[in-house]
Amino acid sequence: MRTEDIVERISNAIFQHRLLPGAKLNERDLGKVFDVSRTLIRQALIRLEKDKLVTIEPNRGAFVSRPTLEEAHQLFDALILIEKGFIEAIAPTITANHIEILRTHCKHQEKAESEGNHKLANELGIQFHLILAGLLHNPVLEEIHRDLMSRERVITAIFKTDFDYCRLHNHHRAIIDHLESGSVKRAQKILESHYRLVVRGYHLDDVALGDIDLASALAG
């Protein structure tokens with residue numbers, strides 16, 4: 001078994017909430033589950049830490065990441081700050097073609113929501129903000145923004161969510177409308193409300209208690 005296979009199996013278990021935030025990932029036990037050396041397990045855990053799905057603590061071992069409510073608020077504060085700047089910079093030069101691209105994307109998100117495909121709807125929701133960033137044509141800012149959005153993906157993957165999808169989608173449409181009309185302040189206000197609503201949808205109190213059966217959690 002390759003390191004990539006181990007990473008994928010553990011990632012899937014986290015995404016599917018079979019491994020909860022805070023769950024301990026013992027190297028020896030993982031080695032038995034996958035029938036590989038601890039060296040391969042260690043390499044996989046380092047990869048997962050880089051992806052922010054796992055936290056490695058000196059003298060304690062590896063655990064499924066467990067971002068705090070404070071960290072989630074800090075992340076969204078950063079996104080609000082940077083994306084308000086995006087809106088102000090984009091508004092004077094936004095074109096009818098840009099508006100059509102954003103509206104078409106929203107239609108895809110709405111379709112995913114109507115079909116109950118919340119995983120796809122979440123991903124399309126994140127992509128909406130990446131499209132906004134791309135309209136700046138500033139690779140440095142885009143890279144910073146992509147990193148923040150990657151952290152949002154991790155939080156969404158790790159924790160159970162209870163999003164108000166209808167309101168979130170309406171926010172995207174309202175942002176487009178205000179950009180089209182040149183109402184920068186209104187677009188920025190909707191953006192902030194949007195992210196405040198997102199963070200309220202996370203169940204950040206989920207925690208792994210007691211021992212877990214790694215073999216069962218990582219089956220398949």
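Summary of values
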quantity	calculated
Scan of segment 98-109 for residues that are open to solvent by 50 Å² or more (accessible area, probe 1.4 Å) and under 21 Å from Lys84 (Cα atoms), ordered by number	Glu100, Ile101, Arg103
Ile80 being touching a helix residue (DSSP H, G or I) at 6+ places or on another chain (Cβ under 6 Å), in a helix (DSSP H, G or I), closer than 30 Å to Ser183 by Cα and among the aliphatic types (A, V, I, L, M)	yes
Among the residues listed as Lys160, Lys185, the single one being under 16 Å from Ile80 (Cβ atoms) and of a type in the set (Lys, Arg)	Lys185
Test: residue in segment 142-152 that is of a type in the set (Val, Ile, Thr) and in contact with an Asp or Glu (Cβ under 8 Å, 6 or more places away or on another chain)	no
Qualifying helices (runs of 4 or more DSSP H) (wholly inside segment 1-60; at least 3 residues being closer than 23 Å to Leu148 by Cβ and in contact (Cβ under 8 Å) with a residue 12 or more places away in the chain)	3-15, 38-50
Test for Ala112: is it within 18 Å of Arg146 (Cα to Cα), open to solvent by less than 20 Å² (accessible area, probe 1.4 Å), within 21 Å of the chain's Cα centre (by Cα) and at pLDDT below 95	no
Filtered residue count, segment 118-174, keeping only those that are open to solvent by 30 Å² or more (accessible area, probe 1.4 Å) and touching a Leu at 6+ places or on another chain (Cβ under 8 Å)	6
Sole residue being in a helix (DSSP H, G or I), within 19 Å of Asp51 (Cβ to Cβ), at pLDDT below 95 and not β-branched (Val, Ile, Thr), chosen from Arg167, Arg146	Arg146
Asp177 being in contact with a Ser or Thr (Cβ under 9 Å, 6 or more places away or on another chain) and open to solvent by 50 Å² or more (accessible area, probe 1.4 Å)	yes
Residue within segment 204-215 that is at pLDDT 80 or above, within 16 Å of Ala13 (Cα to Cα) and open to solvent by less than 70 Å² (accessible area, probe 1.4 Å) present	yes
Residue that is buried (at least 18 other Cβ atoms within 10 Å of the Cβ), aliphatic (A, V, I, L, M) and within 16 Å of the chain's Cα centre (by Cα), where the choices are Leu69, Leu48, Leu19, Leu30	Leu48
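The values are calculated or read from the model by the stated rules, or taken from the named source; none is laboratory data. Owing to the predicted nature of the structure, the values given are computational and were not obtained by experimental measurement. With ideal geometry, Cβ positions are generated from the backbone for all residues, glycine too; neighbour counts draw on all protein chains shown. All accessible areas refer to the heavy atoms of the entire protein, side chains included, with ligands and DNA or RNA removed. Shrake-Rupley method; radii C 1.70, N 1.55, O 1.52, S 1.80 Å.
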